[in-house]
Amino acid sequence: MWARVVSVLFHPLFIPTYLFAYLAWALPTSLEPVAPGGHERFLLFFFLVTSVLPILNIAMFKAFGTVHSFSMPTRRERLLPFVLISVIYVSLTYLLYLKGGMNLNDNFLRFMIVIDMLVVSATIATFFFKVSVHSVTMWGLIGILVPLNKITEVSTIFYLTIGVIVLAGVVMSARLYTGSHTSREVMWGAVLGLITGFSGMLMLFRP
């Protein structure tokens, strides 16, 4: 029971919203050019697009029999939903750049590009082998937070980083406990997420 609760609470689709909600509180400049007074509405919009919309699409795939369950246990049935989720994330980033007045000087857009890299890399990997997207996301988050400690003086980010490392272990254990993934799939997900998140931050946030 605990493993399923952990898997749902820290579902990959929720992690970007958790990250930006924290940054809105601890580092408001990360959401520029969104004004601090509009953070709540923007986060709600972001959650609807990046979490609720993909979930609704997966529900549609399930209704039509494309996937058999929300957990999508086989690699093959993950392909189409993952591609669609990648399209949603990349399209949102492009629209923010094209219509939202954001550019690469804005921290939010740069964070979004790193998240897009994680989503797309997990999708590409799935064409070749099944990988734990929970692991990709948790260790991708660590890959984002570690460099963030170097480029900001917000002390709580250090404690958050330690907490996320511990939490990543819990989430990985939960995926193994439920039998959703093998240890190899979990470890490869961790490696892919860490490398992608860390390299993306180095490329986009280097001085």
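Here, each number is a calculation from the coordinates, and none is a lab measurement. On a predicted model such as this, the values are computed, not experimentally measured, just so you know. With ideal geometry, Cβ positions are generated from the backbone for all residues, glycine too; neighbour counts draw on all protein chains shown.
Fewest first, what order do 80, 48 take by the number of other Cβ atoms within 10 Å? Intermediate values should be presented prior to the final figure.
Values: 80 15, 48 12.
The most exposed by this proxy come first: 48, 80.
For the chain, set up a GNM with springs between Cα atoms under 10 Å and report which of 189, 197, 101 has the largest fluctuation.
101
Filter the chymotrypsin sites (Phe, Trp or Tyr not before Pro) in region 113-147 down to the DSSP loop ones having no more than 14 other Cβ atoms within 10 Å, then list what survives.
On the way: sites: 127, 128, 129, 139; in loops: 127, 128, 129.
Qualifying residues, ordered by number: 127, 128, 129.
For the chain, find the longest principal axis of its Cα atoms and tell me its angle to the long axis of helix 75-98, 0 to 90°, nearest 10.
20
Rounded to whole Hz and in sequence order, give me ³J(HN,Hα) for region 37-45 from the Karplus expression 6.51 cos²θ - 1.76 cosθ + 1.60, θ = phi - 60°, writing x for Gly and Pro.
Going residue by residue, I get x, x, 4, 4, 5, 5, 5, 5, 4 Hz, with x marking Gly and Pro.
How large is the Kirkwood hydrodynamic radius of region 2-83, counting all unique pairs of alpha carbons, in Å? Don't jump to the answer; show the numbers that get you there.
Numbers: mean 1/r = 0.0694 Å⁻¹.
Its Kirkwood hydrodynamic radius stands at 14.4 Å.
Would you kindly state how much longer the chain becomes between residue 22 and residue 64 on full extension, computed as 0.36 nm times their sequence separation minus their alpha carbon distance, in nm to one decimal? Could the numbers behind the result be given before it?
Values: separation 42, 0.36 × 42 = 15.12 nm, distance 3.68 nm.
Length gained, residue 22 through residue 64: 11.4 nm.
Report the local net charge at residue 180: Lys and Arg +1, Asp and Glu -1, summed over other residues whose C-beta lies under 14 Å from its C-beta.
Details: positive: 4, 75, 78, 130, 175, 184; negative: 77, 185.
Net charge in that neighbourhood comes out at +4.
In region 77-117, which trypsin sites (Lys or Arg not before Pro) fall in coil by DSSP and have 11 or fewer other Cβ atoms within 10 Å? Walk me through the intermediate numbers first.
Values: sites: 78, 99, 110; in loops: 99.
In loop regions of region 77-117 (DSSP not H, G, I, E or B), the sparsely surrounded trypsin sites (Lys or Arg not before Pro) are 99.
List residues of region 1-40, by number, whose backbone nitrogen lies under 19 Å from a label position 7 Å along Cα→C-beta of residue 170.
Under cut-off, by backbone N: 1-23.
How fast does the chain diffuse by Stokes-Einstein, in µm²/s, taking the Kirkwood radius from C-alpha pairs at 20 °C and 1.002 mPa s? The partial results should precede the final answer.
Values: Rh = 17.4 Å.
This corresponds to a translational diffusion coefficient of 123 µm²/s.
Compute from the Cα atoms of region 115-203 the Rg and the Dmax, the latter being the longest Cα-Cα distance, and quote both in angstrom.
Cα-based Rg and Dmax for region 115-203 come out at 13.2, 40 Å.
Find the percent of Cα-Cα distances in region 55-114 that exceed 19 Å, and round it to a whole number.
Details: 773 of 1770 pairs.
Tail fraction, whole percent: 44.
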